[in-house]
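Peer 1: To start, I am sharing the structure in question, which I have written as structure tokens.
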Amino acid sequence: MEVSSQAVIGRFFKLALITAGIGAVHILTLLMSWYIVISDTITTTSIEGYVIAESLYMSIGGGIVCGVALLLSSKFSNITTARWLIGATTLVGALLAIASPAYAHFMIIPALQAEGHLGIGIFMSYLSAIAMMVPAVTIIATPIRVEVIPHTGPYYPGAPAPIVEEAVELTHATEIPPGAICGICYQELDPETTSMCSNCQTLFHKGCIDLWVNLNGTCPSCKKPVLR
Ligand SMILES: [Zn+2]
Ligand SMILES: [Zn+2]
């Protein structure tokens, strides 16, 4: 499908908006229970995501970076620049978001050395962060084919000159090979009244070729337009 550059930028904006929206949900998962410590069979303590400082910063940072990508998406008219800047920014945001539950999961929770199990919050955090990756990767990976609108109007200064078929001239032929005949009527030529095509060097009676060019505008031999 061919689309205009405005449509491509519009699509980037939508994808950045989706990423920022999921990013907001991702930040909210910090309020949920990420780990449940079981002190004894009855007493449990819930650890929310925001309690882990690193995760708090990474999740909020990821959300902010995706918000920046959203702002960037309305600032560009050049598709290639927009694609890489918006794509890279959303991707960084999504990676920060993934790093947040991963850091808690593999660094903080094992260090607690507390009996327990992962809470729903950390799964929601993973899920939302992975969901942020999808539009980010889409921005970078989507092939862009931009419609090239052919120029049909009057030429503007500095535009490449339009291609005009090279015109040829009729010249008076001074040297006529013995036995040469007219390219139109196949009769013998007279040195006084012989014309020659500047392109194909075919010889004609002046009267024959003038009549022909008046009717057709081209050399009967090489078909090029003749200047009159
Ligand atoms: Zn002739
Ligand atoms: Zn010719």
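Peer 1: About the Cα centre of the chain, how large is the charge dipole given +1 on each Lys and Arg Cβ and -1 on each Asp and Glu Cβ? Please answer in debye to the nearest 20.
Peer 2: With Lys and Arg at +1 and Asp and Glu at -1, about 540 debye.
Peer 1: Turning to a different aspect of this structure: Considering the dipole of the chain built from charges on the beta carbon (Lys and Arg +1, Asp and Glu -1) around the Cα centre, which of G179, V168, S55 is farthest to its positive end?
Peer 2: Going by the charge dipole, the pick is S55.
Peer 1: Please report the net charge: other residues with Cβ closer than 11 Å to the Cβ of K206, K and R +1, D and E -1. All intermediate terms of the calculation are to be shown ahead of the outcome.
Peer 2: Details: positive: none; negative: D190, E192, D210.
Here the count lands on -3.
Peer 1: Non-local amide H neighbours of T218 (under 5 Å, H modeled in plane, Pro and chain starts lacking H): which ones?
Peer 2: Excluding prolines and chain starts, which carry no amide H, the hits are V226.
Peer 1: Please compute the contact order of region 5-141 in relative form: average sequence separation of alpha-carbon pairs under 8 Å and at least six residues apart, divided by the residue count, as a percent.
Peer 2: Worked out over region 5-141, it gives 39 percent.
Peer 1: Going through region 1-54, which GluC sites (Glu not before Pro) have at most 14 other Cβ atoms within 10 Å and a DSSP loop state?
Peer 2: On the way: sites: E2, E48, E54; in loops: E2.
Loop-located and lightly packed - E2.
Peer 1: What share of all Cα pairs of the chain, in percent, falls into each consecutive 5 Å distance bin?
Peer 2: All Cα pairs, binned at 5 Å, distribute as 1, 7, 11, 10, 7, 6, 5, 5, 4, 4, 3, 4, 4, 4, 4, 4, 4, 3, 3, 3, 2, 1, 1, 0, 0 percent.
Peer 1: If you don't mind, there's one more thing I want to ask. Please work out, to two decimal places, the log10 of the ratio I(q)/I(0) at q = 0.18, 0.19 Å⁻¹ from a Debye calculation in which every Cα of region 170-216 carries one identical scatterer.
Peer 2: Results for region 170-216 at q = 0.18, 0.19 Å⁻¹ read -0.44, -0.49.
Peer 1: Turning to a different aspect of this structure: Would you work out which of L95, I36, C66 lies farthest towards the positive end of the dipole of region 1-112, given +1 charges on the beta-carbon of Lys and Arg and -1 on that of Asp and Glu, about the Cα centre?
Peer 2: Of the options given, the answer is C66.
Peer 1: Taking DSSP loops as anything outside H, G, I, E and B, show the longest stretch in the chain free of chymotrypsin sites (Phe, Trp or Tyr not before Pro) there with at most 14 other beta carbons within 10 Å.
Peer 2: 1-154
Every read-out reported here was derived from the displayed coordinates using simple, explicitly stated rules and does not represent laboratory data. A quick note: this is a predicted structure, and the numbers were derived from the prediction, not measured. All Cβ positions, even for glycine, are placed from backbone atoms using ideal geometry, and neighbour counts span all protein chains on display.
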